[in-house]
Amino acid sequence: MTIPMNSFLKNTLLLDAVVSGAAAVLMAAGAGLLGPFLNLPVSLLFWAGIVLLPWVALLVVLSRRQSLSRMVLLDVVLVNVAWVLASIGILAFGFVEPNLLGVAFVVAQALAVALFAVLQYAALRQARPAMA
């Protein structure tokens, strides 16, 4: 089943792309500076930034469509939820040992991604199926 693109959904996808793109550039290009400052592994920051690049491209492509499959939008929500869980998991299970600023960085980006997941899920819930 498809849902028509509306301004709320389009803007949510685009804002997610902009924020994710900024995070990608910050982490990939600034990993060498951020890592020691946050006491986070430089390689983790770099590769997290690199992984975000195709995600940003996908979000932009999806936002330009006239309609979306409900499953595609649900997948976007679930990828964002997975990012949040992974972010919290690396802290909770001791995979990294950041300083206070590093913890704040990880938690802040996880909260931002969680907000996008909630907004995108709200768009999914309120969407009316497209007429064939």
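Points to keep in mind about this one:
- Per-region count, region 37-64, residues among the polar types (S, T, N, Q) and part of a helix (DSSP H, G or I): 2
- Condition met for Ser87 (among the polar types (S, T, N, Q), assigned to a helix (DSSP H, G or I), over 17 Å from the mean Cα position of the chain (by Cα) and more than 30 Å from Met1 (Cβ to Cβ)): no
- Among the residues of region 1-39, the ones that are surrounded by 17 or more Cβ atoms within 10 Å (Cβ to Cβ), of a type in the set (A, V, I, L, M, F, W, C) and in contact with a strand residue (DSSP E or B) (Cβ under 8 Å, 6 or more places away or on another chain) come to 3 in all.
- Filtering region 91-110 to residues that are touching a residue at least 24 places away in the same chain (Cβ under 8 Å) and assigned to a helix (DSSP H, G or I) leaves Leu101, Gly102, Phe105, Val106, Gln109, Ala110.
Condition check ((1) surrounded by 15 or more Cβ atoms within 10 Å (Cβ to Cβ); (2) within 19 Å of Asn11 (Cβ to Cβ)) across all residues:
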{"residue": "Val56", "(1), (2)": "yes, yes"}
{"residue": "Arg64", "(1), (2)": "no, yes"}
{"residue": "Leu68", "(1), (2)": "yes, yes"}
{"residue": "Val81", "(1), (2)": "yes, no"}
{"residue": "Gly89", "(1), (2)": "no, no"}
{"residue": "Gln109", "(1), (2)": "yes, no"}
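- Looking across region 40-50, just one residue is under 14 Å from the mean Cα position of the chain (by Cα) and loosely packed, with under 14 Cβ neighbours inside 10 Å, and that is Ile50.
- Qualifying residue in region 67-75 (condition: touching a strand residue (DSSP E or B) at 6+ places or on another chain (Cβ under 8 Å) and either within 20 Å of Val113 (Cα to Cα) or part of a helix (DSSP H, G or I) (or both)): yes
No lab work stands behind these numbers, since they all come straight from the coordinates. Not measured: the values here are computed from a predicted model. Neighbour counts are summed over all protein chains in view; Cβ atoms, including those assigned to glycine, are modelled from backbone coordinates with ideal geometry.
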